[in-house]
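The values are calculated or read from the model by the stated rules, or taken from the named source; none is laboratory data. Quick caveat: nothing in here was measured; it's all calculated off a predicted structure. Note that we place each Cβ from the backbone using ideal geometry, even for glycine, and neighbour counts take in every protein chain shown. For the accessible areas, the whole protein counts, side chains as well, though only heavy atoms, and no ligand, DNA or RNA atoms are used. Shrake-Rupley method; radii C 1.70, N 1.55, O 1.52, S 1.80 Å.
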Amino acid sequence: DKKKTTEATITLNKVRAKPELIENIGSLNALAVKLGDAFLDLKKYEEALVAYRAVLPREDILKFQQERITTMERQMDLNMRGVAGDPQRLAQATMANNEIKARIAEAKKLLGDFEKLPDFSPALLYRMARVWHEWEKRWEAIVVYNRLILKYPNAEEKEPAMYSKVMAYADLNQVASTKTACDEYLKDFPDHENASSVGYLAGAVALQAGDAVTAESFFGIMIDRVKDTNYRAQMRYLLGNAKFMQGKWEDAMKEYEKYVLDFPNGESFEDSTYRLAVCEVFLGKYEKALEHLN
């Protein structure tokens, strides 16, 4: 809480070295996550990963807690051995066992509460991927995104992981991989609010790579889905460019005309008007071209 993250890490490691003294291992996990989040906010990426890696998997926590309960039950049995016929030792053993019973009841309650909680592993993996991503280590981030997607296909973190993977591939200028990642995203989340930006990015990456046919396909599919004005306007313009690159002058003109009509204040209005003139030139309609140029 005092933002002394280095001291917190040292203390956390000391505590983890004595697991038999930990009554609530789930709280220790939560503390490690909180510490990782604090390091991430401070952009201390290596330290954040160390903290996140200190988080125990769900199955280990359940096993640890069950073993702790078993150990306490075994201690109760040991306390009662050889006390028959010795009232003083029996009283002492009974008193000790009553204390252990209370601790067992508390441990069982903690175990039951933890069993009801959803598996935290997908959220933890997503946090670790974010560390790599923000650290500008995109390939490492992609490895973790893929692990999350494959291992936890029904987790709510799957959508942001798939979306972030698209962005990571785009940052790396991996055109084919970006397109594949976009296809996978749109297949699984066609109606998600991020689908429009994924569709736009897929077409833009294809266009950048000179694949006008793929770009036309992406923009053609997405343009009718997208309600957001900014994406819709830009995709209309880029759809015209994709057709322009293929020499489809009349088809390109239709897209530019729609852009000029629907988005008179759009950032690509001037360029669309110019491209209309160029299309007229290629079609041999020079008088029309001059009208647009004027």
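Observations on the structure shown:
- 20 Å Cα-Cα reach of LYS3 towards aspartates and glutamates, excluding residues that sit fewer than 8 places from it in its own chain: ASP37, ASP41, GLU46, GLU47
- Here the Gaussian network model covers the chain, with springs between Cα atoms less than 10 Å apart; of ALA107, ALA141, ALA51, ALA107 fluctuates the most.
- Remark: segment 136-267 carries 52 Å² of accessible area per residue (probe radius 1.4 Å; ligands, DNA and RNA excluded).
- Using θ = phi - 60° and Karplus 6.51 cos²θ - 1.76 cosθ + 1.60, couplings along segment 139-155 (whole Hz; Gly, Pro as x): 5, 4, 4, 4, 4, 6, 4, 5, 4, 4, 4, 6, 7, 10, x, 9, 6
- Computed extension length for LYS108-TYR274: 52.3 nm, one decimal, from 0.36 nm per residue of separation with the Cα-Cα distance subtracted.
- Ranked order, TYR259, TYR152 - accessible area, probe 1.4 Å, largest first: TYR152, TYR259
- Apportionment of accessible area to carbon and sulfur, the chain, percent (1.4 Å): 52
- Lysine pairs within segment 56-198, Cα separation less than 30 Å, 8 or more sequence positions apart or different chains: 26
- Extension gain from ALA84 to LYS285, taking 0.36 nm per residue of separation minus the Cα-Cα distance: 61.1 nm
- For segment 160-210 and segment 49-114, distance of Cα centres in Å: 52
- GluC sites (Glu not before Pro), loop per DSSP, at most 16 other Cβ atoms within 10 Å - longest free stretch of the chain: 24-135
- Note on GLN246 and LEU293: the model spin-label points, each 7 Å out from Cα along the C-beta direction, lie 2.8 nm apart.
- Remark: the Cα gyration tensor places segment 156-245 in the oblate category, a/c being 1.5 or greater and a/b not exceeding b/c.
- Distance histogram in 5 Å bins (all Cα pairs of segment 153-209, percent per bin): 4, 23, 34, 24, 11, 4, 1
- Segment 45-146: proportion of alpha-carbon pairs further apart than 21 angstrom, %: 56
- For the chain, the fraction of C-alpha pairs farther apart than 34 angstrom is 49 percent.
- Taking all protein chains into account, the per residue accessible area for segment 1-61 stands at 63 Å² (1.4 Å probe).
- Residues LEU117 and ASN194, FRET efficiency given R0 of 25 Å [Cβ-Cβ distance, rounded to 0.05]: 0.35
- Cross-link reach is defined here as a Cα-Cα straight distance under 23 Å, omitting same-chain residues fewer than 8 places apart; for LYS4 the lysines meeting it are LYS14, LYS18, LYS34, LYS43, LYS44.
- Two-site FRET efficiency, ASP1 against ALA209, from Cβ-Cβ distance with R₀ of 30 Å, rounded to 0.05: 0.05
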